[in-house]
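The values are calculated or read from the model by the stated rules, or taken from the named source; none is laboratory data. Because the structure is a prediction, the values reported are computed rather than measured. Heads up, the Cβs are rebuilt from the backbone with ideal geometry, glycines too, and the neighbour counts pull from every protein chain shown.
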Amino acid sequence: MKKLNWKLNDSNFTFLDKLKISKFILTDDFWTMGKYVQKFEKTMSDYVGVKYAVFVSSGSTANTILSYFLKDKFANSDKSIMVFPSTTWTTSISPFIRDGFNPKFIDVNLSDLCMDLDKLEDYLKKNSKNVACVFFTSLLGYVPNIDRLKNISKKYDVKIMMDNCENTLGEYLDKNISSYFTSTTSTYFGHQLQSVEGGFIFTNDEEEYEYFLMYRNHGMTRSVINNKKYLNIQVDSKFDFFLLGNNFRNSNIHAYIGLLDFKRIDKYKKKRIELYELFKNSLSFKSEMLTFPSDSTKLRKNVPFSIPLIFKNVNQKNKIQNICDNLNIENRPIISGNILRQTCYSKYDDYKQFLNSEYLHTNGFYIGLHHKIKEKDIIYLTNEINSQFQYE
């Protein structure tokens with residue numbers, strides 16, 4: 001059996017990019033947060049279609065800033081509950097628990113791998129008054145039902161925010177999904193747009209934006225241009241701390257790298273979709289053996305973060321995962337799997353109650369999807385899978 005050396009992700013950067021980055025470092029001495037960060041923020045806010053974008057050190061710190069904001073807004077109220085899907089990334093949850101929120105987990109669905117909206121509504125019918133926020137995850141690049149989420153938000157008067165760290169590029173009604181709610185994304189090396197490390201918060205709310213700027217920069221009022229409403233006349237305005245913030249800033253170096261990569265964003269989007277479709281169409285036995293999330297429609301346009309392989313029995317999953325290992329194809333669980341099985345979350349609920357997350361946990365894994373994957377390698381792998389299923 002040959003070795004494919006199929007990585008989860010690969011560097012997007014060319015030798016010419018490296019020369020440009022080297023020139024930037026050699027000719028520009030201001031490497032911390034500055035004009036390139038501002039340019040990257042403007043580029044991304046225009047692309048997503050929102051008023052404001054805040055570039056921070058990672059997608060995880062973007063989520064942490066949302067937690068700070070919700071904590072400050074609801075610290076003295078009865079809204080102590082954060083609602084999460086039972087399959088997501090750990091730092092989509094942990095900052096909120098650290099800030100004192102009580103987590104409520106809702107099972108995912110298997111059509112888009114996002115939170116089950118029927119189960120969410122069932123919970124909100126009785127508990128919406130105590131919910132600070134429903135923090136939705138667009139898992140593995142699949143787009144949720146945005147219209148229904150908007151209706152749920154209005155119907156139950158509940159705030160919805162989104163973690164789109166794995167879905168920088170997905171669309172709903174031809175608009176980027178991060179434009180619909182206050183949202184985060186990641187520009188980490190392993191994600192759809194790369195700045196090596198980095199993340200964004202997107203919002204249309206001016207107060208949120210100003211708070212996010214201050215949280216990013218130690219809580220300082222001078223982070224905000226029109227900051228008169230936040231000033232404290234008892235202290236020097238150069239070091240005037242309005243909020244309990246932190247240093248979540250990113251640098252001009254990372255912004256410069258991200259701007260280089262952004263120029264190719266449409267190419268990445270097109271290639272990911274093409275390779276994903278090639279993989280699916282090359283499988284002979286997918287309906288009998290595999291559970292695939294729903295395809296893109298006119299309403300929802302998925303840009304897959306990876307290729308999920310979710311099998312209808314565990315033996316099939318183990319067999320194909322062994323093939324991937326032998327072919328040197330990197331693979332991972334479906335993110336957390338059932339997050340209630342994880343040590344740090346096991347005390348919050350019984351993992352056995354989350355049947356779809358349990359199904360993903362035991363029957364699924366994913367392999368990488370990026371523009372450098374060769375079509376011939378996809379065909380080779382699908383032929384191996386087809387040959388195994390041929391005798392089932």
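See the values below:
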{"read-out": "Filter result for residue 134 (of a type in the set (A, V, I, L, M, F, W, C) and assigned to a strand (DSSP E or B))", "value": "yes"}
{"read-out": "Single residue of the stretch 79-102 satisfying the filter (in a strand (DSSP E or B) and under 19 Å from the mean Cα position of the chain (by Cα)) that is farthest from residue 360 (Cα to Cα)", "value": "82"}
{"read-out": "In the stretch 355-392, the residues that are outside any helix (DSSP H, G or I) and small (Gly, Ala, Ser)", "value": "364, 368"}
{"read-out": "Which numbered condition residue 190 misses (of (1) among the small types (Gly, Ala, Ser); (2) on the phi > 0 side of the Ramachandran plot; (3) surrounded by fewer than 20 Cβ atoms within 10 Å (Cβ to Cβ))", "value": "(2)"}
{"read-out": "Residue list for the stretch 31-62, restricted to those being part of a loop (DSSP other than H, G, I, E, B) and among the small types (Gly, Ala, Ser)", "value": "34, 49, 57, 58"}
{"read-out": "Residue count for the stretch 249-272, restricted to those that are over 19 Å from residue 35 (Cβ atoms) and assigned to a loop (DSSP other than H, G, I, E, B)", "value": "1"}
{"read-out": "Residue that is farthest from residue 211 (Cα to Cα) [pool: residues in the stretch 225-239 that are loosely packed, with under 10 Cβ neighbours inside 10 Å and among the hydrophobic types (A, V, I, L, M, F, W, C)]", "value": "233"}
{"read-out": "Test: residue 243 is at pLDDT 95 or above, part of a loop (DSSP other than H, G, I, E, B) and buried (at least 17 other Cβ atoms within 10 Å of the Cβ)", "value": "yes"}
{"read-out": "Test: residue in the stretch 311-321 that is of a type in the set (Val, Ile, Thr), closer than 27 Å to residue 90 by Cβ and within 22 Å of the chain's Cα centre (by Cα)", "value": "no"}
{"read-out": "Residue list for the stretch 20-37, restricted to those being under 24 Å from residue 217 (Cα atoms) and surrounded by 10 or more Cβ atoms within 10 Å (Cβ to Cβ)", "value": "25, 28, 30, 31, 32, 33, 34, 35, 36, 37"}
{"read-out": "Residues satisfying the stated conditions in the stretch 325-344, i.e. buried (at least 21 other Cβ atoms within 10 Å of the Cβ) and in a helix (DSSP H, G or I)", "value": "339, 340"}
{"read-out": "Hits in the stretch 1-19 - residues which are aliphatic (A, V, I, L, M) and either surrounded by 10 or more Cβ atoms within 10 Å (Cβ to Cβ) or not in a loop (DSSP other than H, G, I, E, B) (or both)", "value": "4, 8, 16, 19"}
{"read-out": "Residue that is surrounded by the most Cβ atoms within 10 Å (Cβ to Cβ) [pool: residues in the stretch 260-319 that are farther than 24 Å from residue 114 by Cβ and among the hydrophobic types (A, V, I, L, M, F, W, C)]", "value": "260"}
{"read-out": "All positions within the stretch 298-324 that are over 24 Å from residue 377 (Cα atoms) and assigned to a strand (DSSP E or B)", "value": "300, 301"}
{"read-out": "Which numbered condition residue 76 misses (of (1) in contact (Cβ under 8 Å) with a residue 24 or more places away in the chain; (2) in a loop (DSSP other than H, G, I, E, B); (3) more than 19 Å from residue 136 (Cα to Cα))", "value": "(1)"}
